[in-house]
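Notes for the one structure printed next.
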Amino acid sequence: MIDRRTFLQKSTLASAGMGLLPALAALPAYAKPAAATDKMIGIQMGGYSFYDEGMEKVLDFLQNEAAINTLMIYSHTYYSADNRPAHVLASDHGIDPAGLTNRKLTKTWVRHDERFYKNTSLRHFSPDSSYLYADKDIFREIVPFARQRNMKVLIRLMELSADKGMQYIHNFERVLTQDIYGNPGSGPCWNNPDYRNWVYATVEDLFHNYDLDGMQYGAERTGALSRLLFQGSVPDCFCEHCRKRNEGKGIDFFRAKEGFTQLYQFIKKVEAGTHAAADSVMVNVLRYLQEYPEVLAWNFQWFRADEEIQQEVYTRIKTIKPDAIVGRHVDHQRSTWDIFYRSAITYGEMATHADFIKPILYHDILGPRLRWWVLERMKDRVLKDLSLEQSLDLFYAWMSFGKEAQVPLNELEPKGMGPEYVYNETKRCVASVDGKSKVIAGIGIDVPWHAPEGLVAYPSDAKRLQESVFRAMEAGADGLLASREYDEIRHSSLRAFGEAVRKVQ
C-alpha cells in the first residue's frame, strides 16, 4: 500500500486530468467551500430533526447561535432514535419531546443503488413506506440549503450491533462473530469478507450517488480480552475467517481458544467468589496470559482487522472523491479507558488514513461511566483485590491522567469529570498524530446517562462546558464537535457552546 500523501497526490492529479473536479471559479459564490484555515465546528444529528423542527430553521439556529459550520448527519438511524424517553430529549427546541417518542420512524435516509452490492449477500432494508419520513432523501434535500450557508455536509456512518443488524440488514446473521462455544456473538466479524464488502459497498454507493463533503466512520467495539476481563463476556470471535487470518500469522487456533476458555472460566469463578485465593486475581490472569500467549496475539489481530476496514473505507472514498473529508470516530472506551485498545492502535497510526480524528471526550458523562462501567465492573473481576479508590488511582496512572484531571471517587457520579480531562486527552491525541491528521475534540453536551435504573438526563453546566471548549483548543485541537445528538442537546447549551467557540476563533 502506498503512503497516504503519495496516494492523495496521485488521486488528485488523476481526477483533475479527467476533468472530474470542477474549478472553484466555476462554482456559484454560495457553493465555494470555507477557507482552508477555518476550523471544523460540527454537530452530530439525525435527519429527522430537520423535518421535525424545519430544515432552514434548524440550519439558521446552528449557524447563528451555535457557530456550527459542519453537519454530520446519519445516513441510517439504526439505533434508538425513535424510542428514547422524552425526559432525555431537549425541551427547548420548540417541539414537545413527548411527541418524538415511540413513533414509527424510518431508519434509512438515503436511496441505495443495487449495482454496488454484487460482492456481498447483505442488503440494507428499503424504507417502509408506512413509516414517518420514509419518503425523505435527506442528503439530496439538505445539501443545497447547507451550501447557501457555506456549511459542509458529512455522512455519519456507524457499525451495527448484532440485534440491530438482524432487525435492519438482510442476512446479517451470516456475518456475526462466533464465541468459544460456537454461539453467535454480539456483532459482525471484522474478518468476514461478506461483512467487509458490505461496508465498502455502502460507502462507495453513497459517494457515487450523493454530493457529499465527507464522512465520519466508526465502530464502537473493543476486543475479546477487554470484554472478558472487564465485563465477564464470553470471548469471540473464533469463526473460520478469524481462524484463517490468525493461522496465517502463525497463531495456533486451538491454543488461543483453549487459553480464552480457561481465562473465561477463571473469571466466572472470580465473579462468583469461588476462585482460589492463594494469589491475587491479577497474578492468575498473568499466569494464563503467559501460559497462552496466543490469547494476546489473537486479541491484537482482532484490532488489526478493524484497522484494515477503517483504512480501506478511507482509501475507497478518496478514490471516488479525493477532496472528501474522511474522519474517524473514536468511541469513549477506545478514547479513554480500554488499555488493550490503546496499547494496540495509536492515534498516530489512525492518522495515516484519516483527515481528522474525533475522540469522544464527554467530560460530564465520563464521571458516572467511569464509576459504573469501568471501576465497578473491574472490581467484580480483574481488580477484585483492590478497593474502588485503589482501582481509580490505578486507572489514572494507567491512562496518564494529569493530577488536575483526576476527580475523587465520591465526585465521579454527581459532578462528572471536567475541562482538565478534555485538555488531557486532547493533548495526548494531538501529540500522537504529530500533525499527520487534524484532531476534532468531541465535546459531550447534555449526554444522557445509562444509569442502573434506566436512561436519565445528565444536563451540562454551561460554565464547565465553555471551559471544556477553551481547554480543548488550548491543547491544540483543530476543531470541535458538539456531541452526542442534536435532539438531546438543549438550545441553551448550544448557545453556550457557540459563545465559547466564537471566543477562541
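The values are calculated or read from the model by the stated rules, or taken from the named source; none is laboratory data. Worth saying up front: this structure is predicted, and the values here are computed from it rather than measured. For neighbour counting, all protein chains shown are included, and Cβ atoms are generated from backbone atoms with ideal geometry for every residue, glycine included. SASA here: full protein model, heavy atoms, side chains in, ligands and nucleic acids out. Shrake-Rupley method; radii C 1.70, N 1.55, O 1.52, S 1.80 Å.
What value does the chain have for Rg/Rh, both radii from Cα atoms and Rh as Kirkwood defines it?
Working: Rg = 22.9 Å, Rh = 23.9 Å.
My calculation puts Rg/Rh at 0.96.
The fraction of accessible area contributed by carbon and sulfur in the chain is 51 percent, rounded to a whole number (1.4 Å probe; ligands and nucleic acids excluded). Taking the DSSP bridge list for the chain and keeping only pairs wholly inside it, about 20 percent are antiparallel. For segment 218-373, the average shadow cast by the Cα convex hull is 11.0 nm², which is a quarter of the hull's surface.
In loop segments of segment 394-500 as defined by DSSP, the GluC sites (Glu not before Pro) with at most 11 further C-beta atoms inside 10 Å of their C-beta are Glu453.
Pairs from the table (Lys257/Lys384; Lys164/Lys438; Lys136/Lys164) lying more than 30 angstrom apart at Cα are Lys164/Lys438. Seen from Arg115, the other residues with C-beta closer than 12 Å to its C-beta sum to a net charge of -3, counting Lys and Arg as +1 and Asp and Glu as -1.
Summing charges over all other residues whose Cβ lies under 10 Å from the Cβ of Asp461, with Lys and Arg as +1 and Asp and Glu as -1, gives +1.
With a ≥ b ≥ c taken as the square roots of the eigenvalues of the C-alpha gyration tensor of segment 75-190, please select rounded if a/c is under 1.5 and otherwise prolate if a/b is larger than b/c or oblate if it is not? Walk me through the numbers before you get to the answer.
Working: a/c = 2.14, a/b = 1.40, b/c = 1.52.
Oblate, since a/c reaches 1.5 and b/c is not below a/b.
In Å², and per residue, what accessible area does the chain have when probed at 1.4 Å with the other protein chains present?
Working: 20490 Å² over 505 residues.
Here the residues of the chain average 41 Å² of exposed surface.
Each peptide in 190-201, 426-437 receives the mean, over its residues, of other Cβ atoms within 10 Å, and ordering these scores from highest gives 190-201, 426-437.
How big, in percent, is the set of alpha carbon pairs in segment 143-289 lying more than 20 Å apart? Present the calculation step by step, with values, prior to reporting the outcome.
Details: 6458 of 10731 pairs.
Here the long-distance tail beyond 20 Å is 60 percent of all Cα pairs in segment 143-289.
Protein-only accessible surface at a 1.4 angstrom probe places the residues Met166, Met215, Met40 in the order Met166, Met40, Met215, largest first.
Starting from 0.36 nm per residue, how many nanometres of slack lie between Glu499 and Glu308 once their C-alpha separation is accounted for? Can you show the working numbers first?
Values: separation 191, 0.36 × 191 = 68.76 nm, distance 3.92 nm.
Extending this stretch completely gives an extra 64.8 nm.
Only protein heavy atoms count here; under a 1.4 Å probe, Thr261 has an accessible surface of about 30 Å².
Solvent-accessible area of His208, all protein chains in place: 110 Å² (probe radius 1.4 Å, heavy atoms, ligands and nucleic acids excluded).
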